[in-house]
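The values are calculated or read from the model by the stated rules, or taken from the named source; none is laboratory data. Because the structure is predicted, anything quoted here is derived from the model rather than measured. No Cβ is skipped: glycine too gets one built from the backbone with ideal geometry, and neighbour counts run over all protein chains shown. What goes into the accessible areas is simple: the full protein's heavy atoms, side chains included, and nothing from ligands, DNA or RNA. Shrake-Rupley method; radii C 1.70, N 1.55, O 1.52, S 1.80 Å.
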Amino acid sequence: MSINVGTTMADLLADARTRDKADPLAHFRSGFHFPKQVDGSDKLYFTGNSLGLQHESVDAAVAEVMESWRVRAVEGHFRGDRPWMNYHELLRGGQAELLGAKPSEIITANTLSVNLHLAMVSFYRPSGKRCRVLMERNAFPSDRYAVESQIRLHGLDPSDCLVELAPVAGQRLIEESQIEEYLAEQGDTVALVLWPGVQYATGQVFDLPRIAAASQGAGACTGFDLAHSAGNVPVALHDSGCDFAIWCTYKYLNAGPGSVGGMFIHERHHSNTGLPRLQGWYGNNLASRFRMAPDFDPAKGADAWVISNPPILAMAPLLASLKVFSAAGMPQLRKKSIQLSGWLATAIEQHLGQHLEIITPGQPERRGCQLSLRVKAGREKGRELFEYLEQSGVVPDWREPDVIRVAPVPLYNSFEDGTRLVQLIRDWFDQQK
Ligand SMILES: *Cc1c(COP(=O)(O)O)cnc(C)c1O
């Protein structure tokens, strides 16, 4: 795709407006609530990778649950338009479609880190020499903490069993080939490969089928953390052959702070009675659940991994949000995302290239919405720019040691948003002279 973003800032703005006019998804923006500046105007929101914006349909979805509770109380489990007993069923199809899974492979429960623990109970089963977890050096800290504690839970030592691959010296990105090389040499020591779909700090998208194939070839289990993938990039979980995946729904999926998480368990494990699993009454077959019998009768499919009565109030925003995704269509969202992020990257390179480096890979298939920026003059200048942006009504975010993340989200960001960001950054560098 060749992008002509013009040479002057005026050209850039004109080009952005032309693109916004031609954008078939542009109308979705007005359905979202943007945080406001002091003068009442919308902030420039670029942090949908951290907390997605609230859609206007969320209010009604939450109000419906509140009303059912108010007027039906306990009978809300069985009565009303959307009885709570089956509420989770309404969340299955939309997530299955976004993540390339069969509906029976999806559960909506708990939150990401908790689901990671539950999945590791089943899929991290160290035995003899095969005791290691292979992950990345710069993994999201919660994932690392979870893995470390699971290793200890097995009476093992993280300094032997936690292997973290780092980018090769002088690089910021890890190549898939590094995982393959490690597994070719040490594969018989690895019990689990745990990898992100999208690296949270750099925005790099990984080739999940390739990683799953290497892991499976080495005889290890494979788990994917899709916190930054779900609702951002297309994923084909079932076909990738991974054993499990986990995600949160408050980032690109716009389901609100601390919203309920998701987990994928590959179909081939559904009737494997040999797998250890933590169980609770909501993982019991619905038909026999309320007989309250002492023996656990597992539900079919991934549902056997559910433990508790689900948080319906936390599920309602996800239900509303999945409808928005379904109306827009993930292929269309991805198409716009590639154009929007590609266009912004080109504009940054053209207008700010002497000051800023984009760490995120340039090839569209190796990135999603997010662009991770580094100020070439170093961390201090980077912090100053970040703080200036915040004071100027922009919502970007900062990740140590020196990364400013901006994520133009195709559901609610526009090309004009991108231009305004570039203009602000340019003004700041001009003032520095
Ligand atoms: C956002 C994120 C989390 C957050 O975990 P919670 O349990 O939802 O708090 C975990 N891992 C990764 C990779 C993330 O990006």
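What residue among 119, 227, 377 shows peak mean-square fluctuation when the chain is described by a Gaussian network model with Cα springs under 10 Å?
Result for the chain, Cα springs under 10 Å: 377 fluctuates most.
What number, rounded to the nearest 500 deg cm²/dmol, is the helix-based mean residue ellipticity at 222 nm of the chain, given -39500 (n - 2.57) per DSSP H run of at least four residues and division by all its residues?
Computed ellipticity for the chain at 222 nm equals -12000 deg cm²/dmol.
Along its three principal axes, how long is region 249-298 when you only count alpha carbons? Whole Å, largest extent first please.
So the extents along the principal axes, rounded to whole Å, are 39, 27, 17.
Name the residue farthest towards the positive end of the dipole of the chain from the options 425, 174, 221, assuming +1 on Cβ of Lys and Arg, -1 on Cβ of Asp and Glu, about the Cα centre.
221
Any idea what the alpha-carbon Rg over 2.2 N^0.38 Å comes to for region 201-247?
1.12
To the nearest 10 degrees, how steep is helix 208-217 against the longest Cα principal axis of the chain, on a 0 to 90 scale?
That helix lies at roughly 40 degrees to the long axis.
Relative to the longest principal Cα axis of the chain, at what angle does helix 89-99 sit, 0 to 90 degrees, rounded to 10?
Tilt relative to the chain: about 50 degrees.
With both bridge residues required to lie in the chain, what share of the DSSP beta bridges run antiparallel, to the nearest 5%?
Of those bridges, close to 55 percent are antiparallel.
Could you list, bin by bin from short to long, the percent of Cα-Cα pairs of region 89-325 in 10 Å steps?
Over region 89-325, the share of Cα pairs per 10 Å bin runs 8, 33, 37, 18, 4, 0, 0 percent.
Using only the C-alpha atoms of region 7-74, find the volume of their convex hull and express it per residue in Å³.
Dividing the Cα hull volume of region 7-74 by its residues yields 158 Å³.
Distance from the Cα centre of region 70-113 to that of region 170-211, in angstrom?
Cα centroid to Cα centroid, the span is 33 Å.
Mind listing P(r) for the chain? All alpha-carbon pairs, 10 Å bins, whole percents.
Binned Cα distances yield the sequence 4, 21, 29, 24, 15, 6, 1, 0.
Report, largest value first, the span of the C-alpha coordinates of region 275-400 along each principal axis, in whole Å.
On the principal axes, region 275-400 reaches 69, 34, 31 Å in Cα extent.
Modelled label-to-label distance, residue 297 and residue 173, 7 Å Cα→beta-carbon offset: nm?
Label at residue 297, label at residue 173, 5.3 nm between them.
Taking all protein chains as present, what is the carbon and sulfur share of the accessible area of region 89-325, in % to the nearest whole number, probe 1.4 Å?
Solvent-exposed carbon and sulfur of region 89-325 make up 53 percent of the total.
How much accessible area per residue does the chain have, in Å², with a 1.4 Å probe?
Computed with neighbouring chains in place, this is 43 Å² per residue.
Would you mind telling me which residue in 42, 23, 295 has the biggest mean-square fluctuation in a Gaussian network model of the chain, where springs connect alpha carbons within a distance under 10 angstrom?
Maximum among the listed residues: 295.
Binning every alpha carbon pair distance of region 188-295 at 5 Å from zero, what are the percents per bin?
Percent of Cα pairs in each bin: 2, 11, 17, 19, 17, 14, 10, 6, 2, 1, 0.
What angle do you read, to the nearest 10 degrees and between 0 and 90, between the alpha-carbon axis of helix 379-391 and the longest principal axis of the chain?
90
Treating the beta-carbon of each Lys and Arg as +1 and of each Asp and Glu as -1, no other charges, what is the dipole magnitude of the chain about its Cα centre, to the nearest 20 debye?
480
Mean 1/r over all different Cα pairs, inverted: what Kirkwood radius does region 242-348 give, in Å?
By the Kirkwood definition, the hydrodynamic radius is 16.7 Å.
Among the trypsin sites (Lys or Arg not before Pro) in region 39-114, which ones are in a DSSP loop with at most 14 other Cβ atoms within 10 Å of the Cβ? Mind listing them?
79
Listed here are the pairs 36/251; 102/335; 336/376; 102/323; which of them are more than 22 Å apart at the Cα?
102/335; 336/376, as the Cα separations exceed 22 Å there.
Out of the trypsin sites (Lys or Arg not before Pro) in region 258-328, which ones are loop residues according to DSSP with at most 14 other C-beta atoms within 10 Å?
291, 300
What range in the chain is the longest one free of chymotrypsin sites (Phe, Trp or Tyr not before Pro) that are in a loop by DSSP and have at most 13 other Cβ atoms within 10 angstrom?
Formally, the longest exposed-site-free interval is 79-289.
Taking 8 Å as the Cα distance limit and 6 or more residues as the minimum spacing, I'd like the relative contact order of the chain as a percentage.
22
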